[in-house]
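Following: one structure in structure tokens, then a few remarks.
Each reported figure results from applying straightforward, stated rules to the coordinates on display, with no laboratory input. This structure is a prediction, so every number in the text was calculated from the model and none was measured. Cβ placement follows ideal geometry from the backbone for every residue including glycine, while neighbour counts extend to all protein chains displayed.
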Amino acid sequence: MPTQACLPTPDKSLWQSLDWEPSCEQLDQLINLQVRLREWNQLINLTRLSEGDDYWVSQVLDSLWPIKAELKSPAKSRRCIDVGTGCGFPGLAIAIALPGAEVSLIDSVHKKTAAVYQIAASIGLSKRVKVFTERVELTGHNPLFRGAFDLAMARAVAKPPVIAEYLVPLIKADGEAILFQGHWTEENHYDLSRALVPLNAEIIKKEFYSLPRGRGLRHQLRLQRTAPCPNAYPRALGIPAKKPLGRNR
């Protein structure tokens, strides 16, 4: 039975480093996602990364390379949460690439979440993608979210100790938090390691990746719980950013 022809596609070499390639349906969704982002950009300032390599490399590929391991079992049931999702990345790209996943997108800016909700629905993701307008300090204490996720992630949201305080309370005992980072230094590693002590968590993986076409070096840090996260975390609204854990030195 012949397969349906795909819509116009970027060079297939784009996917080689992932050992993965989108199906025609997934590629169509990614292309339609780009179309919707362009449309919404005419209404609100959603993202500047919606054209050419800005979209395919700096948005899509940058969202998917940290989950290269998960791409080997895309149909597996997973609960994922993207904190500070902004225009919907990495969450929407991950929802497309992992059809077995349920993905929650959290952001505190209503005009962004309203747009992302409409975008997710228009590309056929409304059954698996839920969008919430909320401060993550509150999300972390919600019984429906606390300790509920296999993967919790944040991209370009805040400094690593702050992101850790947001994400660790959300993951299951065997879940993992993923910090999407650009530049990474020994000082960053030291600060994050100190911040994880009161959260009862540890770094289990650090990996770097050079985005193709000169788009820069990226890092991912994976965190896992060593014990239940104390109920005090995340702290009250604004406190994690104002007084990051591990900085009393």
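Which part of the range 40-67 falls in the paramagnetic zone of ALA114, meaning amide N under 17 Å from the point 7 Å along Cα-to-beta-carbon?
40-47
Using only the Cα atoms of the range 97-249, build the gyration tensor, take square roots of its eigenvalues as a ≥ b ≥ c, and label the shape rounded, prolate or oblate: rounded if a/c is under 1.5, else prolate if a/b is larger than b/c, else oblate.
oblate
Nearest 10 degrees, 0 to 90: what angle lies between the long axis of helix 110-122 and the longest principal axis of the chain (Cα atoms)?
That helix lies at roughly 40 degrees to the long axis.
Of the DSSP beta bridges with both residues in the range 124-249, give the percent that are antiparallel, rounding to the nearest 5.
70 percent
Is the range 5-96 rounded, prolate or oblate when judged by the Cα gyration tensor, a ≥ b ≥ c being the square roots of its eigenvalues, rounded requiring a/c under 1.5 and prolate requiring a/b larger than b/c?
Since a/c reaches 1.5 but b/c is at least a/b, the shape of the range 5-96 is classed as oblate.
Mind giving me the nanometre distance, one decimal, between the label points for GLU207 and ASP54, set 7 Å out from Cα along Cα→Cβ?
About 2.9 nm separates the two model spin labels.
Any idea what the dipole of the chain comes to, in debye rounded to 20, about its Cα centre with Lys/Arg Cβ at +1 and Asp/Glu Cβ at -1?
660 debye
In nm, to one decimal, how far is the modelled label at LEU237 from the one at LEU217, with both set 7 Å along Cα→Cβ?
It is 3.9 nm.
Once you put a point 7 Å from the Cα of TYR190 and another 7 Å from the Cα of ASN45, both along the Cβ direction, what distance in nm separates them?
The two pseudo-label positions are separated by 3.6 nm.
Relative contact order for the range 109-215 using alpha-carbon pairs under 8 Å, separation at least 6, rounded to a whole percent?
That works out to 20 percent.
Rounded, prolate or oblate: pick one for the range 50-114, where a ≥ b ≥ c are the square roots of the eigenvalues of its C-alpha gyration tensor, a/c under 1.5 means rounded, and failing that, prolate if a/b is larger than b/c, else oblate.
Working: a/c = 2.50, a/b = 1.19, b/c = 2.10.
It is oblate, given that a/c is not under 1.5 and a/b is not larger than b/c.
Starting from the amide H of ILE81, placed 1.01 Å from N in the peptide plane, find each other amide H under 5 Å away whose residue is 5 or more places distant or on another chain.
It is SER104, LEU151, ALA152, MET153, by chain and number.
Counting only DSSP beta bridges with both residues in the chain, what percent are antiparallel, rounded to the nearest 5?
Expressed as a percentage, antiparallel bridges in the chain total about 40.
Nearest 500 deg cm²/dmol is fine: what mean residue ellipticity at 222 nm does the chain get from its DSSP H runs of n ≥ 4 alone, each adding -39,500 (n - 2.57), divided by its residue count?
For the chain, the value works out to -8000 deg cm²/dmol.
Taking H placed 1.01 Å from N in the peptide plane, check which residues at least 5 places from ALA101 or on another chain put their amide H under 5 Å from its amide H.
ARG78
With point charges of +1 on the Cβ of Lys and Arg and -1 on the Cβ of Asp and Glu, referenced to the Cα centre of the range 186-241, which listed residue (LEU221, LEU199, LEU237) lies farthest in the positive direction of the dipole?
Positive-most Cα among the choices belongs to LEU221.
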